[in-house]
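Read the structure below first, then the notes.
The values are calculated or read from the model by the stated rules, or taken from the named source; none is laboratory data. Keep in mind that what you see is a predicted model, and the values were worked out from it rather than measured. Cβ atoms come from the backbone with ideal geometry, glycine included; neighbour counts cover every protein chain shown.
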Amino acid sequence: MWLNGSDLQAIWLTIRLASIVTLILLLIGTPIAWWLARTRSRCQGVIGAVVALPLVLPPSVLGFYLLLAMGPQGPVGQLTRTLGLGALPFTFWGLVLASVFYSLPFMVQPLQNAFEAIGDRPLEVAATLGASPLDAFFSVAVPLARPGFLTASILTFAHTVGEFGVVLMIGGNIPGITRVASVQIYDHVEAMEYTSAHRLSAIMLIFSFLVLLALYAKRPGGRRD
Amino acid sequence: MKHYKLLPLACSFLLLTTTAQAEKIMVAAAADLKFAMDEIVASFNQTHSHGEVQVVYGSSGKFHTQIQQGGPYDLYFSADIDYPRELAKLGLAGSEVTPYAVGRIVLWSNSLDATKLTLESLADPKITRIAMANPKHAPYGKRAEEALRATGLWEKVEEKLVFGENIAQTAQFVQTGNAQVGIVALSLALNPQISKDGGYCLIPDKFHKPLEQGYVITRLGAEKPLAKSFAGYMQSASARTIMVRYGFVLPNETTEK
């Protein structure tokens, strides 16, 4: 086989992580994006800025704070312990939690844009036809924002696949649990196994390009006719 | 218009500041040297006012790769002497490869009384996380794995192991409370900042190959007098005293004894 067992394990782990994070963020990110798109609250700016933080924050900052927060003395660590979930660092679910933070803007921002583009009019029409706000959201807003959902999900998935710094800081490099593809490549390079590093890296490169191609090729507008 | 006149001035200022410090060398040092090397460099810089030694710390394997790819280091202190030896074989060395110390691994903890720990206690179910350096490329990790295998404990504790990128990150996993015990370098456990929080016990060195550490002046540093004088300073009494204080066994002492 072209890739060895631990490479395949790392790829599978990465896909599993990215899928779960994308699903969780669809659930969490949608209401946040909806609220950000519709609200006139003064907090909008603050919440928007908090959501966007991972775009500019170095992964080391996020990794460092998560390591402290999820540790036995940290607030998250104490919470998970009282809930009987144990400590989160060096676990798969610890990575999921970190990635949810790290990829949050990649879900929320495209959705927010999509919701804003709908405008008030379709929702007002739905309301005059007797639709409840929840009904209007699911039968009007969601179908209209479908391209936004697609973009947001693809970006979130891809960004989680591309995560490295945070994983290195809180993962502990455990095979099958926290050793994702990017860390596996790093280990190959460190151990000077350049052939193995090349194989995995080429897969990542092609994957990333295809994802972006899918996004940009379907984008309407431009000067193509 | 006034601003345009300032531009050449600003440019020349930037150029001057970069050329003024001609005598400067960059040292790449293994993470286990962090505290000892900081002290040695500080005392060296005091006595050699004409030059400046800068140090970056990291994993020996990474520096090895970087130097092969033209990394900007004049001196390379590796936790495993095989790395600089390999560089010398590739023609990338500017001096002989010189052993400077033998390292030791310890069990270190700040939540348990580590002085009462033995390797066997790692199998205790109360210990759920053990941190060690990545055995794939970190010298201290390789020796830790050898010790665990030699004592037949590897299979029993494998599930609990988490791997630090280098020995400093390994210590940090324990320090933040995320692992109860770490297999770290004695030199880190002896640092005052760290030793005030916890204790350690030595892992008998009969369980692993010696952690023979060596340095080399790289081809880049070969022509720099400061690189030679810093390498010489490592043999001085004051540098050796610092190394011994941090738990390193010096190569000459082992042959004399």
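Quick look at the numbers
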| quantity | calculated |
| --- | --- |
| Residue in the stretch B:43-57 that is farther than 21 Å from B:Gly232 by Cβ and among the small types (Gly, Ala, Ser) present | no |
| B:Leu148 being out of contact with any Phe, Trp or Tyr (no Cβ under 6 Å at 6 or more places or on another chain), part of a helix (DSSP H, G or I) and away from chain A (no Cβ under 14 Å) | no |
| Residue that is farthest from the other protein chains (Cβ to nearest Cβ), among those in the stretch B:99-135 that are of a type in the set (Lys, Arg) and over 16 Å from B:Ala30 (Cβ atoms) | B:Lys116 |
| Contacts under 6 angstrom Cβ, first residue in the stretch B:102-122 being in the same structural domain as B:Ala138 (by TED's automatic domain parsing), partner among the small types (Gly, Ala, Ser) and surrounded by fewer than 18 Cβ atoms within 10 Å (Cβ to Cβ), 6 or more apart | B:Ala114/B:Gly199; B:Thr115/B:Gly199 |
| Unique match (being at pLDDT below 90 and under 22 Å from B:Lys160 (Cβ atoms)) among A:Gln73, A:Gln9 | A:Gln73 |
| Criterion (within 10 Å of chain A (Cβ to nearest Cβ), among the aliphatic types (A, V, I, L, M) and in contact with a strand residue (DSSP E or B) (Cβ under 8 Å, 6 or more places away or on another chain)) met by exactly one of B:Val157, B:Val184, B:Val162, B:Val174 | B:Val162 |
| Subset of the stretch A:66-77 [within 11 Å of chain B (Cβ to nearest Cβ) and out of contact with any Leu (no Cβ under 8 Å at 6 or more places or on another chain)] | A:Leu67, A:Leu68, A:Ala69, A:Gly71, A:Pro72, A:Gln73 |
| Residue match in the stretch A:34-54 (condition: under 30 Å from A:Ala197 (Cβ atoms), in a helix (DSSP H, G or I) and polar (S, T, N, Q)) | no |
| A:Val61 being surrounded by fewer than 18 Cβ atoms within 10 Å (Cβ to Cβ), under 20 Å from A:Gly162 (Cβ atoms) and of a type outside the set (S, T, N, Q) | yes |
| Residue list for the stretch B:48-76, restricted to those being among the aromatic types (Phe, Trp, Tyr), more than 13 Å from B:Gly221 (Cα to Cα) and more than 11 Å from chain A (Cβ to nearest Cβ) | B:Tyr57 |
| Answer from B:Gly152, B:Gly232, B:Gly214, B:Gly182 - the residue that is at positive phi and either within 21 Å of the chain's Cα centre (by Cα) or not polar (S, T, N, Q) (or both) | B:Gly152 |
| Entirely in the stretch A:76-190, the helices (runs of 4 or more DSSP H) that have 1 or more residues that are farther than 30 Å from B:Ile67 by Cβ | A:92-118, A:121-128, A:133-136, A:146-161 |
